[in-house]
1. Could you tell me whether any residue of segment 107-126 is of a type in the set (A, V, I, L, M), under 28 Å from TRP24 (Cβ atoms) and touching a residue at least 60 places away in the same chain (Cβ under 8 Å)?
2. So which residues in segment 79-104 are part of a helix (DSSP H, G or I), more than 17 Å from PRO19 (Cβ to Cβ) and within 16 Å of the chain's Cα centre (by Cα), if there are any at all?
3. I'm told GLU214 meets every condition in (1) acidic (Asp, Glu); (2) over 20 Å from GLY254 (Cβ atoms); (3) out of contact with any strand residue (DSSP E or B) (no Cβ under 8 Å at 6 or more places or on another chain) except one. Can you identify the failing condition by its number?
4. Output the qualifying pairs, or none if there are none: Cβ atoms under 6 angstrom, residues six or more apart or on different chains, first residue in segment 34-47 and more than 19 Å from ASP236 (Cβ to Cβ), second residue surrounded by fewer than 20 Cβ atoms within 10 Å (Cβ to Cβ).
5. Among the residues of segment 67-108, which ones are modelled with pLDDT of 95 or more, open to solvent by less than 20 Å² (accessible area, probe 1.4 Å) and either acidic (Asp, Glu) or more than 23 Å from LYS208 (Cα to Cα) (or both)?
6. Sort through ILE256, ILE224, ILE232 and tell me the only one that's touching a strand residue (DSSP E or B) at 6+ places or on another chain (Cβ under 9 Å) and modelled with pLDDT under 95.
Amino acid sequence: MNDLIEYGNKCLEERDNIPSAPLWHMGKVAKFESKESFDLLQNTVDYLVCKAKLRMPFTDNEKEFMKELFEALWWGGKYHGFYEAATLANHYVNGNGNPVSLNATLYKNSIIVKDTANAMRKYMLQLKSSGKNFTFIKSSDPGFLHSEFPKKLKRGKRNSIKYGHILHDGALLAEQVNLRLKNADNRFHLTVRTTKAGNSYCSVWQVKSVYDFEPFAKNDITDIPLSGKYTIKLPDGLSRYLAEIKVAKVFNYGAIWSERWK
């Protein structure tokens, strides 16, 4: 109890030095490695984490700081080539919960997506040859997961950093070297609808994800590197709290693409 009281006391006094332009301070850190600007940003995040954990209300300035922080991620993401991650971060605080369609190339070029799609095609052909329904398959289907086809794609069977792997629930973990995909959608499920067309098949592949964040209990952290020396630590629990206090809105996103194959 004493620890909780001591922790809560850190948030009781309202701060009057909430940065009004986090992007400006992030730029100072990135260009000049300004310790003063970095400390101001990280200390503000830590202060708001404290308030969020205690479910305290945010002031208008504090809400604006967090909104502008996510908007700043848009600029940073665009600059580094993480276009999809930038779009999603900005949409979280400005998109009003509307769904977002990403460029399918983001997923189509992924090694784990290509390998899983190939395994799912083989599984579909096995179902068809057995007279079973093959028209709709999910990467999470127990039949697929327990078949021979995805065995080599599972954890421990391949280099996950380079190639990604399939998780126990059928979700695909993106190859971690693919930073553009990793920062936009680190894990996701793959589905496919297929019809027979003569001697070939027409498949429509789809990824459906939800842009949300884990609670504080998960201890997940999003790193925001500003320079070689400074990286802001943004707990997912704080990002999740933004949706609870109506600063942000959870939304669906993903991609869809089709192919014809034999």
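1. no
2. Once the filter is applied, which keeps residues that are part of a helix (DSSP H, G or I), more than 17 Å from PRO19 (Cβ to Cβ) and within 16 Å of the chain's Cα centre (by Cα), segment 79-104 yields TYR83, GLU84, ALA85, ALA86, THR87, LEU88, ALA89, ASN90, HIS91, TYR92.
3. The one condition GLU214 does not meet is (2).
4. Partner pairs satisfying both residue conditions: SER34/LYS28; SER37/LYS28; PHE38/TYR230; LEU40/PRO19.
5. Passing the criteria: LEU69, GLU84.
6. ILE224
The values are calculated or read from the model by the stated rules, or taken from the named source; none is laboratory data. Nothing here was measured: the structure is a model prediction, and the numbers come from that model. So basically every Cβ, Gly included, is an ideal-geometry build from the backbone, and we count neighbours across all protein chains shown. Each accessible area value is taken on the protein alone, full model and side chains, heavy atoms only, with ligands, DNA and RNA left out. Shrake-Rupley method; radii C 1.70, N 1.55, O 1.52, S 1.80 Å.
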